[in-house]
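The values are calculated or read from the model by the stated rules, or taken from the named source; none is laboratory data. Small disclaimer: the values here were computed from a predicted structure and weren't measured. Heads up, the Cβs are rebuilt from the backbone with ideal geometry, glycines too, and the neighbour counts pull from every protein chain shown.
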Amino acid sequence: MTEMIYCYDGSFEGFLCCVFDSYANREVPTAICRDEDFVPTLFASRSIPTDRDHAGRVYRKVVKCSPWAAELLRKGFLTCLPDREIHLYRLVQKLLREGPGFLGNLSDPVLCPVAGAVRHLEGEAHLLKGFVRFSDLGGVLGGEIEPKNRVLPILRVHFCARYLNERFFLYDRTHHEALFYAAGKAVIRPLADFQMAPPDEAEASYRLLWKRFYDTIAIKERYNPKCRMTNMPKRYWSTMTEFQDESYFKARSSPAAVSIPGAPAGIPAPGTPPAPGPSAPGSVP
């Protein structure tokens, strides 16, 4: 079989078409990349058009072999796994060649990286169900996240059920896309550039109340920054109300920032380096 670099449009259907063309043309792709990420090389390359019929045939075949493999394929495509497409291609290739027997062995060299990436995706989505902070922007709830994986398709069911009678959007800063929901309908659309509007007086007050609650419930004798970063990983802090600076609490109609309530005496506010001293060990997130 001829070796080839495949380029596709970045969609899940486009990836499935890469699998289809590989078998149709008896080629083994050494790399599969999105059109915008392709760097011209001396190696042969091919642009694969997206054909829903071809994609459907591949996906139905995977489902027939193993529904769990089909779920791994769908979720694996949302992960931040390096060289994700070629790992997923090898998974499909082995499934079609050997059948689903190897799926019971999580140490299998083909299955292991994909299964691990999917666990990471699901774990991140689970954490974000509690870490997302929405703001009321004129009757529409708006929030931002900065995940490693494309978690919006995973979070869609949770937040649409939770805010069934609301209108909201959730913007993914990393992948430049947003989940929009209104009147029982939800869509995920690309959004290249987005700037959250400043809060009005009421929203600024709610933000302050939440920060005051967070600071007040802290227990001085049990203050442990390492433990906090274990249960609330630091990479999520950039979009969480309780860790923001003064500009986040500035109302749209107010020329000056609203003063931020401080933490109870003896407990450093979030982002303030604690005084040196021993603390209980905690695992790094």
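Here is how the numbers come out for the structure above:
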{"item": "Of all residues in the range 125-135 being touching a helix residue (DSSP H, G or I) at 6+ places or on another chain (Cβ under 7 Å) and not in a helix (DSSP H, G or I), the one that is nearest to His175 (Cα to Cα)", "result": "Arg133"}
{"item": "Options Gly104, Gly56, Gly99; residue that is small (Gly, Ala, Ser) and within 20 Å of Pro153 (Cα to Cα)", "result": "Gly56"}
{"item": "Failed item, numbered, when Ala70 is tested on (1) within 23 Å of Leu152 (Cβ to Cβ); (2) in contact (Cβ under 8 Å) with a residue 12 or more places away in the chain; (3) buried (at least 17 other Cβ atoms within 10 Å of the Cβ)", "result": "(2)"}
{"item": "Any chance Val39 is surrounded by fewer than 13 Cβ atoms within 10 Å (Cβ to Cβ) and not assigned by TED's automatic domain parsing to the domain that holds Glu146", "result": "yes"}
{"item": "Cross-chain or 6+ apart pairs with Cβ under 6 Å, the range 159-180 first and in the same structural domain as Pro147 (by TED's automatic domain parsing), then in a helix (DSSP H, G or I)", "result": "Asp172/Leu152; Leu179/Leu152; Leu179/Arg156"}
